Amino acid sequence: MRLAGAFFANRAEVVDDMLNVEGGFWSTTTVPASAAGFQSCCVVLCDTRRRDVGTEYTMHIDAAGPTGQRWAPAWSRKFELPSAMKFMVLTQIALPIEADGGRHVYSFRLQGTHERFDIPLDVVVQ
């Protein structure tokens, strides 16, 4: 299995083995002045094969803020592939931000691999 892409969305769910997305592919998000992070749904696109089914993986999301602050990992979860699926929906994950906002980069990676997929996100503080 390898990661092929990822994006943030207002809402994402799997219905009849298909992906339903509302408000996907964020380029920016707005947070209150006191926020230390933000919540969203996230869709991770996967390149899988039958041999990957039943294998346990750990996904990490690392974060880097505009001043160089890093969180590694900012979010992490173990999962087992139930089928040769092409996407995963991560619901209501919370990711950190720097207090003044700015351009953040969230890097998706599988433990034990060197590949990663980066999503830049401009964080606007109200």
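The values are calculated or read from the model by the stated rules, or taken from the named source; none is laboratory data. Small disclaimer: the values here were computed from a predicted structure and weren't measured. As a convention, Cβ positions derive from the backbone with ideal geometry for all residues, glycine included, and neighbour counts pool all protein chains shown. Only protein heavy atoms, including side chains, enter the accessible area calculation; ligands, DNA and RNA are left aside. Shrake-Rupley method; radii C 1.70, N 1.55, O 1.52, S 1.80 Å.
Structure above, values below:
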| item | result |
| --- | --- |
| Neighbour cut-off at most 16 other Cβ (10 Å), DSSP loop, trypsin sites (Lys or Arg not before Pro), the range 53-96 | LYS86 |
| Taking the chain and dividing mean pair separation by its residue count, relative contact order in percent (alpha carbons under 8 Å, at least six apart) | 32 percent |
| Between the range 1-50 and the range 68-126, the Cα center-to-center distance that results, in Å | 10 Å |
| Carbon + sulfur, % of accessible area of the chain - ligands and nucleic acids excluded, 1.4 Å | 48 percent |
| Accessible area expressed per residue, the chain, with surrounding protein chains retained (probe 1.4 Å, Å²) | 57 Å² |
